[in-house]
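The structure under discussion appears below in the form of C-alpha cells.
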Amino acid sequence: MTTDTDIVHQELLEEAQTHLGQLLHFAAQKPDLDLKNEFISRTVPLLHKI
C-alpha cells in the first residue's frame, strides 16, 4: 500500500534527480563554473527534505 508520505518522498527524489541533472548539464557547458559551491547550495537542501 502506498501512503501519502511515500508519494511525497518519491516526488522529492524525482525533483532532486531532475535538479542534479540540470546542474551537471549546465556545469558540463561551463568549465569555469565552481560546481562545488553551486552544487552544495542548490542540491543539499533538496536532499535534506528527503
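Looking at region 1-23, which of its residues are surrounded by fewer than 13 Cβ atoms within 10 Å (Cβ to Cβ) and of a type in the set (A, V, I, L, M, F, W, C)? Within region 1-23, 1, 7, 8 qualify.
The number of residues in region 26-50 being at pLDDT 75 or above and surrounded by 10 or more Cβ atoms within 10 Å (Cβ to Cβ) comes to 6.
The values are calculated or read from the model by the stated rules, or taken from the named source; none is laboratory data. Predicted model, so just to flag it, every value in this text is computed and none were measured. Note: ideal-geometry Cβ built from the backbone for every residue, glycine included; neighbour counts use all protein chains shown.
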